[in-house]
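The values are calculated or read from the model by the stated rules, or taken from the named source; none is laboratory data. All of these numbers come straight from a predicted model, not from anything done at the bench. Backbone-built Cβ (ideal geometry, glycine too); neighbour counts: all protein chains shown. Only protein heavy atoms, including side chains, enter the accessible area calculation; ligands, DNA and RNA are left aside. Shrake-Rupley method; radii C 1.70, N 1.55, O 1.52, S 1.80 Å.
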Amino acid sequence: MEKETIYILAIESSCDDTSAAVLANDKVISNIVATQKIHEEYGGVVPELASRAHQQNIVPVVHQALLKANIDKKQLSAIAFTRGPGLMGSLLVGTSFAKSLALGLNIPLIEVNHMQAHILAHFIADEDNRAPNFPFLAMTISGGHTQIVRVNDYFDMEILGETLDDAVGEAFDKSAKILGLPYPGGPLVDKYAQLGNPKKFPFPKPKVGGLNFSFSGLKTSILYFLQRETKANPDFIAENLNDICASIQYTIINILMDKLKKAVKETQIKQVAIGGGVSANSGIRIALKNAEKKYGWSSHIPKFEYCTDNAAMIGIVGYHKYKRNVFASQDVTAKARYIIQ
Ligand code: KG4
Ligand code: ZN
């Protein structure tokens, strides 16, 4: 007899995206993301505004996810939600909503670590998805995170290194802000970088031990460099935008790739998977393709919609926990700092 399908409703609200997804086993049947535009005016995420927007969005987003999946709440096997890490006010909205819904429907509740979800997003079943085999290295690069993780199994992960200050996406966004570009500036830096000379303006790389990262020094050196140059020529940025962006991107990608190469060397694991919004960057994609040819790595990048914050990745963790009977109780609380183990 065929096994019964497991339907998971997943909820993600850790930062500034309110998202709900429905999975049928490891397949995504709906994945709705409401991106909060309000933060653009402020040049970054404003936590208080984020939690208020989650409050407004969560009911319509969940409703739409169920509607698009064409299933009724009564068919759901469990509710999975992001417990952390993230902004406390944002996490509380998703956590309270998930707990109430699971209680109301009398179905199991599954708590999910957002960072683990970015990594397990590689296991969402898709026609063109090539999931990595265990063990592999996962580098999560986004506006909120920069980590290299050794993934031994679905729920056996070890953080090998992480940023000591800014996340890599923040490095892109803050550099863009200094250049007068709107938030989030990462995609724009990437766009201009493709037209410029990456070696025109060399920026120093930080000296950080082990597999950890640091990006705050880079931001400062870009700021001082531009202050100096615009003093001599007020039109310096406009006249050199492509080359400046290409040079910034080149430095950031080199920082990421240096640590990845070090991680591969130390672990002897040549399967490298990336995730998070910065995975969209053309520079990192080219660098990974080159490393495949040059060093024999195999690289894995999920579909872009599963790279940025989304509930489908929460759902895939939910599915694997459901299969293992790993459920949360109604006492579970949100955790702003929640380390993978
Ligand atoms: O994963 P994500 O959507 O949200 C979190 O921060 O968790 O990542 C957003 C980040 C932003 O910092 C954005 O500037 C960056 O990803 N980003 C990029 C590109 N596309 C998005 N950075 C560089 N190049 C891109 N093409
Ligand atoms: Zn994230």
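Scanning segment 106-139 for residues that are under 15 Å from the mean Cα position of the chain (by Cα) and not hydrophobic (A, V, I, L, M, F, W, C) returns Asn113, His114, Gln116, His118, His122.
Evaluate the following for Ala280: is it modelled with pLDDT of 95 or more, among the small types (Gly, Ala, Ser) and at negative phi? Talk me through it step by step, then tell me what you get.
Details: modelled with pLDDT of 95 or more: no; among the small types (Gly, Ala, Ser): yes; at negative phi: yes.
No; evaluated as a whole, the condition is false for this residue.
Can you pull out the residues in segment 167-207 that are at pLDDT below 95 and aromatic (Phe, Trp, Tyr)? Correct list: Tyr183 only.
For segment 277-309, which residues satisfy the criterion of being touching a residue at least 60 places away in the same chain (Cβ under 8 Å), closer than 19 Å to Asp128 by Cα and within 16 Å of ligand 2 (Cβ to nearest atom)? Residues satisfying the conditions are Ser279, Ala280, Pro302, Lys303, Glu305, Tyr306, Cys307, Thr308.
Just to be sure before I move on: is Pro135 under 24 Å from Lys323 (Cα atoms), within 16 Å of ligand 2 (Cβ to nearest atom) and open to solvent by 10 Å² or more (accessible area, probe 1.4 Å) in the structure I sent? Reasoning before the result, please.
Working: under 24 Å from Lys323 (Cα atoms): yes; within 16 Å of ligand 2 (Cβ to nearest atom): no; open to solvent by 10 Å² or more (accessible area, probe 1.4 Å): yes.
Judged against the criteria, Pro135 is not a match.
Any residue in segment 98-106 that is within 20 Å of Asp309 (Cα to Cα) and open to solvent by less than 40 Å² (accessible area, probe 1.4 Å)? So far as segment 98-106 goes, yes, one or more of its residues are within 20 Å of Asp309 (Cα to Cα) and open to solvent by less than 40 Å² (accessible area, probe 1.4 Å).
Of the residues making up segment 268-281, those that are more than 6 Å from ligand 1 (Cβ to nearest atom), open to solvent by less than 30 Å² (accessible area, probe 1.4 Å) and in contact with a strand residue (DSSP E or B) (Cβ under 6 Å, 6 or more places away or on another chain) are Ile269, Val272, Ala273, Ile274, Gly275.
Does segment 71-82 contain at least one residue that is in contact with an Asp or Glu (Cβ under 6 Å, 6 or more places away or on another chain), crowded, with 23+ Cβ neighbours inside 10 Å and either closer than 20 Å to Glu305 by Cα or free of Cβ contacts under 8 Å to residues at least 40 places away in the same chain (or both)? Break it down stepwise before answering.
From segment 71-82, those in contact with an Asp or Glu (Cβ under 6 Å, 6 or more places away or on another chain) are 82; that's our starting set.
Then keep just the ones that are crowded, with 23+ Cβ neighbours inside 10 Å; that gives 82.
Pick out the ones that are also either closer than 20 Å to Glu305 by Cα or free of Cβ contacts under 8 Å to residues at least 40 places away in the same chain (or both) and you get 82.
Yes, some residue in segment 71-82 is in contact with an Asp or Glu (Cβ under 6 Å, 6 or more places away or on another chain), crowded, with 23+ Cβ neighbours inside 10 Å and either closer than 20 Å to Glu305 by Cα or free of Cβ contacts under 8 Å to residues at least 40 places away in the same chain (or both).
The residue list Lys219, Lys259 contains one member that is assigned to a helix (DSSP H, G or I), open to solvent by less than 60 Å² (accessible area, probe 1.4 Å) and modelled with pLDDT under 95, which is Lys219. Checking Tyr319, Tyr306 one by one, the residue that is within 13 Å of ligand 1 (Cβ to nearest atom), closer than 30 Å to Val61 by Cβ and not hydrophobic (A, V, I, L, M, F, W, C) is Tyr306 and no other. Within segment 140-167, the only residue that satisfies the criterion of being more than 13 Å from the chain's Cα centre (by Cα), part of a loop (DSSP other than H, G, I, E, B) and within 14 Å of ligand 1 (Cβ to nearest atom) is Asp166. Checking Leu195 against (1) open to solvent by 60 Å² or more (accessible area, probe 1.4 Å); (2) of a type in the set (A, V, I, L, M); (3) assigned to a helix (DSSP H, G or I), only one condition comes out false. Which one? Here Leu195 meets the rest and fails (3). Is it true that some residue in segment 291-298 is open to solvent by less than 20 Å² (accessible area, probe 1.4 Å) and not assigned by TED's automatic domain parsing to the domain that holds Ser77? Yes; the residues of segment 291-298 include at least one that is open to solvent by less than 20 Å² (accessible area, probe 1.4 Å) and not assigned by TED's automatic domain parsing to the domain that holds Ser77. When Ser175 is tested against (1) within 14 Å of ligand 1 (Cβ to nearest atom); (2) more than 22 Å from the chain's Cα centre (by Cα); (3) closer than 16 Å to Leu226 by Cα, only condition (2) is not met. Restricting the search to segment 300-323, which residues are part of a loop (DSSP other than H, G, I, E, B) and either hydroxyl-bearing (Ser, Thr, Tyr) or closer than 19 Å to Pro108 by Cβ (or both)? If the condition is that a residue be part of a loop (DSSP other than H, G, I, E, B) and either hydroxyl-bearing (Ser, Thr, Tyr) or closer than 19 Å to Pro108 by Cβ (or both), then Thr308, Ala311 are the ones that fit. Inspect segment 309-332 for any residue being under 27 Å from Glu158 (Cβ atoms) and at pLDDT below 95 and give the result as yes or no. The answer is yes, given that some residue of segment 309-332 is under 27 Å from Glu158 (Cβ atoms) and at pLDDT below 95. When residues in segment 226-250 are screened for being surrounded by fewer than 18 Cβ atoms within 10 Å (Cβ to Cβ) and either among the basic types (Lys, Arg) or part of a helix (DSSP H, G or I) (or both), 11 of them pass.
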